[in-house]
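Asker: I have a structure here, written as structure tokens, and I will follow up with some questions on it.
The values are calculated or read from the model by the stated rules, or taken from the named source; none is laboratory data. These numbers come from a predicted model, not from an experiment. Don't worry about glycine lacking a Cβ; one is built from the backbone with ideal geometry, like all the others, and counts go over all protein chains shown.
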């Protein structure tokens, strides 16, 4: 017990010294995670006024805060999470697990029934057990659920930004995404802690149902 408590105290101390944590408090954001999105946005021009965005794993809401600012006026943001999230003006909250078909249907209904988002973003991560094989399986399940949701709601030409973790599964998931998007790149923002294995896959040019033959062609070896 003492070892666990000591480890927890060390994490709290590092967290308190973190420049991005302090900056988030000054800027009024709910977590330091927002600066990862800000960096990717500035590099890849993710966001602009009028976009329709679906955010997966939105709680506690710092990404939602930033997205809401960037897509105004005229934009739409649907934030999805299994946890409660404090309301944000102009943000539609959907509570539930994206693996649930009924939750996907709720998202589509909030989009007007047609499933026409310009961008899907996800900063989700699995609860880590410390058992490598189990953690990799959980991470891949989340990625597959994120991709399935993107396929269900994106408009033709839409984009996906999703967190993943360094390892052999990165290439597996990237190849999977390349079946549905015309271009996929990896981003590692400076705001990600140096010791963290997290990175982001940014997929562009969603191949919609109208391009089904193209998907089949790209799937062939």
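Asker: Which is outside any loop (DSSP other than H, G, I, E, B) and modelled with pLDDT of 90 or more, of 190, 203?
Answerer: One residue alone meets the criteria, 203.
Asker: If you take the residues in the range 157-168 that are surrounded by fewer than 16 Cβ atoms within 10 Å (Cβ to Cβ) and touching a helix residue (DSSP H, G or I) at 6+ places or on another chain (Cβ under 9 Å), which one is modelled with the highest pLDDT?
Answerer: Of everything passing the filter in the range 157-168, 167 is modelled with the highest pLDDT.
Asker: Can you name the residue in the range 86-102 that is out of contact with any helix residue (DSSP H, G or I) (no Cβ under 7 Å at 6 or more places or on another chain) and surrounded by fewer than 19 Cβ atoms within 10 Å (Cβ to Cβ) and is also nearest to residue 30 (Cα to Cα) among such residues?
Answerer: Among residues in the range 86-102 that are out of contact with any helix residue (DSSP H, G or I) (no Cβ under 7 Å at 6 or more places or on another chain) and surrounded by fewer than 19 Cβ atoms within 10 Å (Cβ to Cβ), the one nearest to residue 30 (Cα to Cα) is 86.
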